[in-house]
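K.L.:
Got a structure for you, written out below as structure tokens; questions coming shortly.
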Amino acid sequence: MSEATPAEETTAGFRWTPEWLTEARSRPYRRRSLLVAALVAGVLLAWLHWVGLVLGGALVGLASRTLPRAVVGALVLGLLVLGTHVVASPTMGVGEFLALRPLTYVTLGLAVVGPVWGALVRAVV
Amino acid sequence: MSGNPTRRAVLGALIGAGVGGAALSPVADLLDTAAPLSGGAWQGRYGTVPDAVSSPHGDAAVTYDDHHVPHVEADTEAAAYYAVGYVHAADRLFQMDLIRRLMDGRLAEAVGEPAVSSDEFHAEMAFRDGAAASAEALAGSEVAELVEAYTAGVNEYIDAGPDPFEFDLLGYDAEPWSVTDTLLVGQQISWGLTGSFHTLQRAVLRDAFDAETYRRLYEEPFDHGAPIVREDTGGEIMGVGSAEDTLRGVDAGLVDALAEHEPPPRLGSNHWAVSGEHTASGSPILAYDPHLTLMAPPVWYEQRVVVGDVDVRGATFPGIPFVIVGENEHGAWGFTNTGADVIDFYTYETDGDEYLYEGEWRPFETETRTIRVADGENREVEVKKTVHGVYVEREVNDETQAVGVSWTGMSGTRETEAIYEFSRATGVEDYREAIQKFDVPTQNALYVDSDEVYYKVTGQIPIRRVDGRVVPGDRVFDGSAGEAEWDGFEPFGQSSWEGFVPFEDKPGVRGAGYLGTANQRPVDDPTYPIGQAYASGFRGLRIYERLDERIAAEDPVDSSFMQSLQRDTLDVRARMLVPAILEARDRMSADLDPWLDALAEWDYRMERDSEAALVFDRFYDRFREETWGDDFDALDLEESYWPQGWVLVTLPPDDAFFDGDRADALATAMEGAVEDIEREGWSVYGDKKRTTIDHQFGGQLGALNYPRYPTDGSGATVFNVHEGTAAGSSWRQISPMDGDSLSIIPGGQDGSYFSPHYDDQLERWANGEYKPMAFEVPETGPTISFRGETE
């Protein structure tokens, strides 16, 4: 994958990426702010429904400069969600959680696949 | 790629379709359950048990000790039992829910298709109606008010506390608890201890064998010479000295179909007590360990309740408010199963929806119940009742087979009142009064106060009369003729019990010097027939051996001795069989020499580091198979029909079941035992004998099962851990009347897998160790405060 350019964003006369987003991505401070906001929103959305993981991943993807960075950001979101999942429970330790196989395979898998799947939207927008 | 609008559109569509497809596919349920943060399985994990609770019954305080045993203090009993209900639910709600669902035939509604057959059986047995009859018997009493307070406490937790993990996993919410649910838990205990289709199995066996073979395999009293009450048992002995067939067409297939739902057959228990005459302190001591199913979480829940001048600590079944077995400042008590026959079977002449009873055609009382099935098709089951109880039907070989069942637990019973009164008993007299209300289950009650030891068989035992003669309930009776029916019994109503064995005529001893029970026959010569199936007596024999030896040596008994006896691992079966194995040594291959040498030097103790214990354990199973397997297979009778252990170890060497050559059977069994050991790679008994105590969902989530620890003992030793450790000592208690008491359960108090008290007692239990059973409120520890509501 190569980095997106303004020319690509307007291929065939259709603007896939809003101008403000293109600009935000190009400015490090704004991009980082957007990323942080996307990560926070992603954790909150994940608390509502598992589809929130995908939406969160998509937000992270949209705030990322490139698709590879979007995927890395999505993985960070997955880790954040998992961390919050364990920390938010006053009774569940990491070891106890991980021992609950095969249920935790689904939990861990979803924490990775959900945000990454959403982050693929970076290849679209 | 990103520059191509078509490809962008396709990719966008793929992303959306992936999410939509997952949401609409069968995998969505799994994602809804397991997703991080939002998953249903985790919702209960984000909350804690509320530790400030409003109570309509007044103030109460709960302080948990280091082992998560709640110490409940209150000014009124209602306030205390409201708090008890709350802590039971906080620690064991899922277990409570499973029990009520099991007994009510509503398990499939929670767990789905696999429970349908069990639900149909439990619905047909109308256990809920039996519980409702007991609720009616209890109504209006002081105890009823306390059970209602308990129920309110459970429901307060259901409303306010986090759901147990299992509810979240299965995706259903707990329904409100009721008084009848508490009595359903009581039904489960009673059915577990006295519900048996043994009578039908015996009838099958009578058909299968000639009269002489049947008699010697199943009817001869075991000649171990150690009934509970022996000839030289001191004190005032009661219930001794006599006062005064067939299958009836029931199909053997029906017997097998019903026996599928029989409680596990290995339930037994030990207790023994020594009077102050023989103890170092001069006060009596009680040791007790009931052998029930071992599971995660354990069947027992330990609690202490302090109200006014009552201070009681012991174990109960979650769902029942009061301490069932335990100790207060005046006495200590426990129960072992008597093995009394309190269930009968009847056949009827029938015509469609009617049955003949004493010359009159009567309609079956019928009710159609729906068995709801989670993720499956609901079923309907017809619950039928007769004058005697329920009428159970099964399709066997494309024919409808049926039998009437009468069980004492189908009536209104008063054991809940009795259990409540145990807590308040101030000595033998009070306890004796209380156990007269202990209608079910039939138990060997053993009680010590500061002065004496008291033993009594409790529970309602029917007297059957045929042609004016008292008969045992070991056959199927003619229900249409009203044969052998129980006078004063009202199924699903209130019984007068007038035709049952009077309290005074049940075996008992007051003022015994020492006495032990281990499910063996209570007395050699009971006034009325009690039962047909008693334990082989290996444990009972060993308990009396140790007690006799100690007391004959005039070595005063103390708590250490009682503990050592509760930890005794000598297997009497081994002591009876190993000499014969060694005699048959010349029939065995040289490969077996190391194992035979180990047996020759062995002290018959089933201990984890013993090679001999390992080979004997495997040998015994092989020897049973070798002796009974082919003969019973030829009769199409499965293992549950095989004779008991005492019959096996005392079978004459030239018996036909050995084909006249026991030495050959012993040698073959030894060869097989060593093959088993080599195949599995075991070296010592502890390699095989490990705790395997599992959770109901342990098959799906292995982490919920308890850890595996090596342990000792066998199903025939006083230190009781059955094959596979699925049953054994479910509670160990040592109660000196003048000293510190001890207890332990095989697991932990908290039913939550996430709690440090899920299995914190297990390793010590496996090692035969104890924890204190103290009567002091801990100074530190988690607390729950209940604040009385003001109007």
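The values are calculated or read from the model by the stated rules, or taken from the named source; none is laboratory data. Keep in mind that what you see is a predicted model, and the values were worked out from it rather than measured. Cβ sites come from the backbone with ideal geometry, for glycine too, and all protein chains shown count toward neighbours.
K.L.:
Taking segment B:655-672 only, how many residues are closer than 15 Å to B:Thr213 by Cα and of a type in the set (Asp, Glu)?
P.N.:
Total satisfying the criteria: 2.
K.L.:
Does at least one position in segment A:13-29 carry a residue that is buried (at least 17 other Cβ atoms within 10 Å of the Cβ), among the polar types (S, T, N, Q) and more than 10 Å from every other protein chain (Cβ to nearest Cβ)?
P.N.:
There is at least one residue in segment A:13-29 that is buried (at least 17 other Cβ atoms within 10 Å of the Cβ), among the polar types (S, T, N, Q) and more than 10 Å from every other protein chain (Cβ to nearest Cβ).
K.L.:
Can I ask one more? Return the pairs, sorted by first residue and then second, in which the second residue is among the small types (Gly, Ala, Ser), the first residue lies in segment B:191-214 and is closer than 23 Å to B:Gly459 by Cα, the beta carbons are less than 7 Å apart, and the residues are 6+ apart or on different chains.
P.N.:
Hits for this filter: B:Trp191/B:Gly409; B:Thr194/B:Ala340; B:Phe197/B:Ala259; B:His198/B:Ala533; B:Thr199/B:Gly473.
K.L.:
Determine which member of the set B:Glu789, B:Glu763 is of a type outside the set (Phe, Trp, Tyr) and farther than 18 Å from B:Val299 by Cα.
P.N.:
The conditions single out B:Glu789.
K.L.:
Being in contact with a Gly (Cβ under 9 Å, 6 or more places away or on another chain) and in a loop (DSSP other than H, G, I, E, B) is the filter here, so list the residues in segment B:306-321 that pass it. Break it down stepwise before answering.
P.N.:
Going residue by residue through segment B:306-321, those that are in contact with a Gly (Cβ under 9 Å, 6 or more places away or on another chain) are B:312-321.
Within segment B:306-321, B:Phe317, B:Pro318, B:Gly319, B:Ile320, B:Pro321 meet the criteria.
K.L.:
Is it the case that some residue within segment B:155-162 is of a type in the set (A, V, I, L, M, F, W, C) and crowded, with 24+ Cβ neighbours inside 10 Å? So that I can check it myself, show each step before the final result.
P.N.:
If we filter segment B:155-162 for residues that are of a type in the set (A, V, I, L, M, F, W, C), which is where we start, we get B:158, B:160.
So of that shortlist, the ones also crowded, with 24+ Cβ neighbours inside 10 Å come out as none.
For segment B:155-162, residues of a type in the set (A, V, I, L, M, F, W, C) and crowded, with 24+ Cβ neighbours inside 10 Å: absent.
K.L.:
So which residues in segment B:524-560 are in a helix (DSSP H, G or I) and over 27 Å from the mean Cα position of the chain (by Cα)?
P.N.:
If the condition is that a residue be in a helix (DSSP H, G or I) and over 27 Å from the mean Cα position of the chain (by Cα), then B:Asp548, B:Glu549, B:Arg550, B:Ile551, B:Ala552, B:Ser560 are the ones that fit.
K.L.:
While we're looking at this one, here's another question. Could you check segment B:306-328 and list, in sequence order, the residues that are among the charged types (D, E, K, R) and either touching a Pro at 6+ places or on another chain (Cβ under 6 Å) or at pLDDT 95 or above (or both)?
P.N.:
B:Asp311, B:Arg313, B:Glu327
Results for (1) touching a helix residue (DSSP H, G or I) at 6+ places or on another chain (Cβ under 7 Å); (2) crowded, with 24+ Cβ neighbours inside 10 Å, shown as yes or no for each residue.
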position: B:Arg432; (1), (2): no, no
position: B:Lys437; (1), (2): yes, no
position: B:Ala445; (1), (2): yes, yes
position: B:Glu452; (1), (2): yes, no
position: B:Ile461; (1), (2): no, yes
position: B:Arg464; (1), (2): no, no
position: B:Asp467; (1), (2): no, no
position: B:Pro472; (1), (2): no, no
position: B:Pro502; (1), (2): no, no
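K.L.:
Something else now. From A:Val60, A:Val86, which residue is away from chain B (no Cβ under 11 Å) and either of a type in the set (A, V, I, L, M, F, W, C) or over 27 Å from B:Leu24 (Cα atoms) (or both)? Explain how you work it out, then say what you get.
P.N.:
On the way: A:Val86 fails: away from chain B (no Cβ under 11 Å).
Residue meeting the stated conditions: A:Val60.
K.L.:
I'm trying to understand the selection: among the residues of segment B:571-629, which are at positive phi and buried (at least 23 other Cβ atoms within 10 Å of the Cβ)?
P.N.:
Answer for segment B:571-629, where residues must be at positive phi and buried (at least 23 other Cβ atoms within 10 Å of the Cβ): there is none.
K.L.:
Counting only residues that are under 23 Å from B:Asn378 (Cβ atoms) and in contact with a strand residue (DSSP E or B) (Cβ under 9 Å, 6 or more places away or on another chain), give me the helices (runs of 4 or more DSSP H) lying completely in segment B:44-125 with at least 2 of them.
P.N.:
B:108-111, B:116-124
K.L.:
Let me ask something else about it. Can you confirm whether A:Pro68 is out of contact with any Pro (no Cβ under 7 Å at 6 or more places or on another chain), surrounded by fewer than 19 Cβ atoms within 10 Å (Cβ to Cβ) and either β-branched (Val, Ile, Thr) or under 29 Å from B:Gly699 (Cβ atoms) (or both)? Break it down into steps so the answer makes sense when it comes.
P.N.:
On the way: out of contact with any Pro (no Cβ under 7 Å at 6 or more places or on another chain): yes; surrounded by fewer than 19 Cβ atoms within 10 Å (Cβ to Cβ): yes; either β-branched (Val, Ile, Thr) or under 29 Å from B:Gly699 (Cβ atoms) (or both): no.
No.
K.L.:
Next question, about the same structure. Starting from segment B:38-57, take each residue that is farther than 15 Å from A:Met92 by Cα and list its partners that are part of a loop (DSSP other than H, G, I, E, B) and of a type in the set (Asp, Glu), counting only C-beta distances under 9 angstrom and pairs at least six apart or across chains.
P.N.:
Going by the 9 Å Cβ cut-off, the qualifying pairs are B:Ser54/B:Glu789; B:Ser55/B:Glu789; B:Pro56/B:Glu789; B:His57/B:Glu789.
K.L.:
Continuing with the same structure: Could you check segment B:323-393 for strands (runs of 3 or more DSSP E) lying wholly inside it with 2 or more residues that are in contact with a Phe, Trp or Tyr (Cβ under 9 Å, 6 or more places away or on another chain) and surrounded by 15 or more Cβ atoms within 10 Å (Cβ to Cβ)?
P.N.:
On the way: elements: B:325-328, B:331-337, B:343-347, B:354-357, B:360-363, B:365-371, B:379-385.
Once the strands (runs of 3 or more DSSP E) in segment B:323-393 are filtered for at least 2 residues that are in contact with a Phe, Trp or Tyr (Cβ under 9 Å, 6 or more places away or on another chain) and surrounded by 15 or more Cβ atoms within 10 Å (Cβ to Cβ), what remains is B:325-328, B:331-337, B:343-347, B:354-357, B:379-385.
K.L.:
Looking at segment B:254-305, which of the residues that are hydroxyl-bearing (Ser, Thr, Tyr) and not in a loop (DSSP other than H, G, I, E, B) is modelled with the lowest pLDDT?
P.N.:
The extreme case among them is B:Thr293.
K.L.:
Okay, moving on. Checking the conditions here, which among B:Gly44, B:Gly85, B:Gly40, B:Gly12 is under 30 Å from B:Ala774 (Cβ atoms) and either within 11 Å of another protein chain (Cβ to nearest Cβ) or buried (at least 18 other Cβ atoms within 10 Å of the Cβ) (or both)?
P.N.:
B:Gly85 is the lone residue from the list that is under 30 Å from B:Ala774 (Cβ atoms) and either within 11 Å of another protein chain (Cβ to nearest Cβ) or buried (at least 18 other Cβ atoms within 10 Å of the Cβ) (or both).
K.L.:
Yes or no: segment A:118-125 includes at least one residue that is touching a Phe, Trp or Tyr at 6+ places or on another chain (Cβ under 6 Å) and more than 7 Å from chain B (Cβ to nearest Cβ). Outline the logic, then answer.
P.N.:
Of all residues in segment A:118-125, those touching a Phe, Trp or Tyr at 6+ places or on another chain (Cβ under 6 Å) come to A:125.
Filter once more, so that each one left must be more than 7 Å from chain B (Cβ to nearest Cβ): A:125.
Yes, that holds for at least one residue.
K.L.:
Looking at B:Lys456 and the list (1) among the basic types (Lys, Arg); (2) surrounded by 22 or more Cβ atoms within 10 Å (Cβ to Cβ); (3) over 25 Å from B:Gly186 (Cβ atoms), which single condition is not satisfied?
P.N.:
(3)
K.L.:
Given the criteria in a helix (DSSP H, G or I) and within 14 Å of chain B (Cβ to nearest Cβ), does A:Ala70 qualify?
P.N.:
yes
K.L.:
Going residue by residue through segment B:691-700, is there one that turns out to be away from chain A (no Cβ under 14 Å), surrounded by fewer than 20 Cβ atoms within 10 Å (Cβ to Cβ), touching a Gly at 6+ places or on another chain (Cβ under 8 Å) and within 27 Å of B:Ala41 (Cα to Cα)?
P.N.:
The answer is yes, given that some residue of segment B:691-700 is away from chain A (no Cβ under 14 Å), surrounded by fewer than 20 Cβ atoms within 10 Å (Cβ to Cβ), touching a Gly at 6+ places or on another chain (Cβ under 8 Å) and within 27 Å of B:Ala41 (Cα to Cα).
K.L.:
Separate question: Checking B:Gln749 against (1) over 21 Å from B:Gly268 (Cβ atoms); (2) modelled with pLDDT under 95; (3) more than 14 Å from chain A (Cβ to nearest Cβ), which test does it fail?
P.N.:
Evaluating B:Gln749 over (1) over 21 Å from B:Gly268 (Cβ atoms); (2) modelled with pLDDT under 95; (3) more than 14 Å from chain A (Cβ to nearest Cβ) leaves (2) as the failure.
K.L.:
Same structure, new question: Give the residues of segment A:89-117 that are more than 7 Å from chain B (Cβ to nearest Cβ) and either crowded, with 21+ Cβ neighbours inside 10 Å or closer than 23 Å to A:Val54 by Cβ (or both), sorted by residue number.
P.N.:
A:Phe97, A:Pro102, A:Thr104, A:Tyr105, A:Leu108, A:Gly109, A:Val112, A:Val113, A:Gly114, A:Pro115, A:Val116
Residues are listed down the side, and each one gets a yes or a no for (1) among the acidic types (Asp, Glu); (2) over 14 Å from A:Leu120 (Cα atoms); (3) surrounded by 21 or more Cβ atoms within 10 Å (Cβ to Cβ):
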{"site": "A:Val40", "(1), (2), (3)": "no, yes, no"}
{"site": "A:Gly57", "(1), (2), (3)": "no, no, yes"}
{"site": "A:Val60", "(1), (2), (3)": "no, no, yes"}
{"site": "A:Ser64", "(1), (2), (3)": "no, no, yes"}
{"site": "A:Leu75", "(1), (2), (3)": "no, no, no"}
{"site": "A:Thr84", "(1), (2), (3)": "no, yes, no"}
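K.L.:
Can I ask one more? Among B:Val69, B:Val49, which is among the β-branched types (Val, Ile, Thr) and within 14 Å of chain A (Cβ to nearest Cβ)?
P.N.:
B:Val49
K.L.:
Could I ask something else about it? Would you check if there is a residue in segment A:75-84 being under 25 Å from A:Ser26 (Cα atoms) and of a type in the set (Val, Ile, Thr)?
P.N.:
yes
K.L.:
Which ones in segment B:15-37 are part of a loop (DSSP other than H, G, I, E, B) and facing chain A (nearest Cβ under 7 Å)?
P.N.:
Within segment B:15-37, B:Ala35, B:Pro36, B:Leu37 meet the criteria.
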